[in-house]
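A quick write-up on the structure given underneath.
The values are calculated or read from the model by the stated rules, or taken from the named source; none is laboratory data. Computed from a predicted structure; not experimentally measured. Glycine also receives a Cβ, built like all others from the backbone with ideal geometry; neighbour counts cover every protein chain displayed.
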C-alpha cells in the first residue's frame, strides 16, 4: 500500500478506463482526484475517504491548475473516439495532452502517465491514430521521463469489446471485417488499471513505454466464435471486404453519432498486438487474465 498522502490525478475519470482506474487506485490505498468536466465518485465512497471530485476541462488551462496543485502523479485517460464540430482529435489528444504535461511539470508533479494505444504512428491513414502518436511526442517534449501506456483493445463487464461482440452474435449472419483474420490481444480493463496502479506506486520505474495486451492473440473470427459459444449462439460468419465497410462508414458520417467510422476501420485493418522487446505486464509482475476465463463475469448467461 502506498502511504504517500499526495494524490494521483486521473484526467478522464468517468470513462470505462477512468472509472476502473479510480477504483483500483483508491482500493490500493492511494489518494485520488477524479478530474473531468462532470466527475463522479464510486458509489461506496464515504465522506472522509481520500478521493475527491475535481471539475475541469483538458482544453481549459485555468481549470487544470488547481487540480494539479500538490499532486504526485497524473494519469491522462482523456480520449475522443469521434470528432465533432467543436472538438477534434488534435485538440484533445495533442494540444490537451501537451497542455496537461506542461502544467504538471510546472506544478512539480513527480510522475506523468499518458494513455495512448497500440499501433500509434505518425504515418497512419487514420487521423485518430496519428493524433495518438502526435500526443505521445508532444508529451515527451514537455516531460522527457513521461510514461507512455499503449493498451490493446479493452473489455470489461458488459463493456467494450465483449459487449460489442455480444450484440453482434444476436444476428443470424455476423459480418466480418475483411477475412476476419486480423489479430488482437483483448485486454481486461481491470488488468490495465492494475498496471497503472502498480506504476504510480513505483515512481522509480525506469521504462518510458509499455505495451499492454491480454495473453491471447486471437483473430476477429476467433473472438466472435468464442463469445457466440459462451452465449450458446451459432451465427454464420460472413467475410465482407474492407472497401464495402469504408463505403458504409462514409455514408454514416452524416449522422450525429455514427456507429461506424473510417478511423475504426483503419484500426481493424491491422493486427493490434504488443510489439517485441517492449515492456509489458511481465515487468510489472502482473499476469493478465485470459478472455475465456473472463467471459463468465463479463457476459453472464
Those residues of the stretch 1-38 which are at pLDDT 90 or above, in a loop (DSSP other than H, G, I, E, B) and out of contact with any helix residue (DSSP H, G or I) (no Cβ under 6 Å at 6 or more places or on another chain) amount to 6, 7, 29, 30, 31, 37, 38
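If I ask for residues that are under 18 Å from residue 184 (Cβ atoms) and in contact with a helix residue (DSSP H, G or I) (Cβ under 8 Å, 6 or more places away or on another chain), which ones from the stretch 200-226 would you list?
210, 212, 214, 216, 218, 220, 223, 224, 226 - these are the residues of the stretch 200-226 that are under 18 Å from residue 184 (Cβ atoms) and in contact with a helix residue (DSSP H, G or I) (Cβ under 8 Å, 6 or more places away or on another chain).
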Of all residues making up the stretch 244-286, the number that are over 27 Å from residue 179 (Cβ atoms) and without any contact (Cβ under 8 Å) to a residue 24 or more places away in the chain:
5
Can you name the residue in the stretch 272-287 that is on the phi < 0 side of the Ramachandran plot and assigned to a loop (DSSP other than H, G, I, E, B) and, of all such residues, is surrounded by the fewest Cβ atoms within 10 Å (Cβ to Cβ)?
276
Failed condition for residue 291, given (1) touching a helix residue (DSSP H, G or I) at 6+ places or on another chain (Cβ under 7 Å); (2) touching a residue at least 60 places away in the same chain (Cβ under 8 Å); (3) under 16 Å from residue 182 (Cα atoms):
(3)
Residue that is surrounded by the most Cβ atoms within 10 Å (Cβ to Cβ), among those in the stretch 51-71 that are in contact (Cβ under 8 Å) with a residue 40 or more places away in the chain and touching a strand residue (DSSP E or B) at 6+ places or on another chain (Cβ under 7 Å):
67
